[in-house]
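First comes the structure, then the notes that go with it.
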Amino acid sequence: MNHQAYASTYRSAMDAATVELDGLFEEVKRLRNRMEQIDSAINALKPLLAEGQTASEAQSAAAYSEIIPMKQQIDSALAFA
């Protein structure tokens, strides 16, 4: 079998895979930036949530604020699946 005959097919497949991989890297970068934005917003809101709350309420608020980025990451990932 002549492998040269398949060279253009292999090259096309490689190019398509490279384009797709580049797209995935860009999406990961976008999601990381979004996660940092959400984390910053949550950190900015933590003092407001903690004011006037008992220790257990503050712990609950902190635990909930950790869930928010995970939920949003999951929602984002599922939206692009």
For K29, indicate whether it is modelled with pLDDT of 70 or more, surrounded by 10 or more Cβ atoms within 10 Å (Cβ to Cβ) and more than 15 Å from the chain's Cα centre (by Cα). no
Do we have Q59 as part of a helix (DSSP H, G or I), modelled with pLDDT under 95 and surrounded by 10 or more Cβ atoms within 10 Å (Cβ to Cβ) here? yes
Starting from the range 26-41, keep only residues that are over 10 Å from Q72 (Cβ atoms), then list their pairs with residues that are among the hydrophobic types (A, V, I, L, M, F, W, C) whose Cβ atoms are within a distance under 8 Å, requiring at least 6 positions of separation or different chains. E27/F80
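The values are calculated or read from the model by the stated rules, or taken from the named source; none is laboratory data. All values reported here derive from a predicted model rather than from experimental measurement. Here Cβ is always computed from backbone atoms with ideal geometry, including for glycine, and neighbour counts include all displayed protein chains.
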